[in-house]
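One structure is given here, and the rest of the page talks about it.
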Amino acid sequence: MRTAMRFGCLLPLLLFVPVWGADCIEVVSAGGSPSFWGAVGEGAMAAGRELGVAIHYLNPSEETDKQGQDQLIRQLASLKCRALVLAPNAPERARQSALLMQQGTPVVFIDRTEADARPLALVGTDNDAAGRLAGEQMVRRLRGTGLHRVVLMRFKKGVQSTDEREQGFLDVVRKAGLTVVADPYLGPAESDARLRSEQVLRRLGKGFDAIFTPNETTTSGTLQTVQKLGLAGKVMLIGFDINPLLYEAIRQRTISVLVLQRPFQMGYVGVTLAWRAAHGARPSAARVDSGVTLLTHDNMNQKDILFFSNYRGVKPQ
């Protein structure tokens, strides 16, 4: 099953345009989630090779490392890059990006935005619709079983992308009559997710039937808790993103569904839009939806499914 939710059309994969001067583009991730951000970096580098432009791909240590991201963005001047592609991890990025654009530096956001931010474009998932898709999967799979108690393992308050996924999920499951028995925030690191999810699930005991996790770190951490507590295969787990651990869990049916994003495409299109803007062409759409698809045990060996997501380290058997 494939879902493509569009704000604007994705760019063609091959672009035949001239390169003027020794340009470079700085790409700064939000930090953490190595499989996801690694694929973003690969997409950015691929676009750079096609365009003949140098890409400086930089990562804060964690999503909580606001100062680290700020310092990386400040390297833009010393690198003499023409544009910035950014996954913001703090509200102050709205002001920072506005200042850069006033100074003539195009800024394109990927994956998420911040309140009051006005980048040239946002390239990422339609997160509300993707969260609703996860909720619809849970409702469909629980229908007729008599099971109805749901846990939402939230990521981190104030992160636009996961906030929207969580709300989209909640809107669907509550409308369907499912009961949300807990919705804790797990924190930005996988280690935080393991610790906090174990605390929550031990407290609930047998008082839940299904779990939703909205990103890679919450999914990986919660999966390890489910395995540790002997709940693998006994409770439904629907998650987001993919890495080798999560792919194997789909194989073993420990995870029922993974909602896969397209991080490679985010990096690729983000760089392409930024490069075009640096050479005078404004994006034709303010938002570009990179799309999602669903990974299940039934389609896990279909090459086009994993090609669609393009996560590194995960290949069909």
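Values quoted throughout were computed directly from the atomic coordinates according to the rules given, and no laboratory measurement underlies them. This structure is a prediction, so every number in the text was calculated from the model and none was measured. Ideal geometry is used to build each Cβ from the backbone, glycine not excepted, and the neighbour counts take in all protein chains shown.
A few points about this structure:
- Normalising the average separation of contacting C-alpha pairs (under 8 angstrom, six or more residues apart) by the number of residues puts the relative contact order of the range 203-296 at 25 percent.
- On Cα atoms only, tilt of 190-204 relative to the major axis of the chain in degrees: 20 degrees
- When each of Lys157/Lys234; Lys66/Lys156; Lys206/Lys234; Lys234/Lys303 is checked by Cα-Cα distance, pairs over 18 Å: Lys157/Lys234; Lys234/Lys303
- DSSP bridge analysis restricted to the chain gives an antiparallel fraction near 15%, rounded to the nearest 5.
- If the segment from Asp70 to Lys157 were pulled out straight at 0.36 nm per residue, it would be longer than the present Cα-Cα gap by 29.3 nm.
- Relative contact order (percent, whole number), the range 127-260, Cα cutoff 8 Å, 6+ residue spacing: 25 percent
- Restricting the GluC sites (Glu not before Pro) of the range 115-215 to loop positions (DSSP other than H, G, I, E, B) with no more than 15 neighbouring Cβ atoms within 10 Å leaves nothing.
- If the segment from Lys234 to Ser191 were pulled out straight at 0.36 nm per residue, it would be longer than the present Cα-Cα gap by 13.2 nm.
- Theoretical gain in end-to-end length, Leu204 to Ala176 [0.36 nm per residue, Cα-Cα removed]: 7.9 nm
- Protection proxy ranking of 54-64, 258-268 - average other beta-carbon atoms within 10 Å, highest first: 258-268, 54-64
- Taking 7 Å steps out from each Cα toward its Cβ at Lys303 and Arg282 produces label points 4.3 nm apart.
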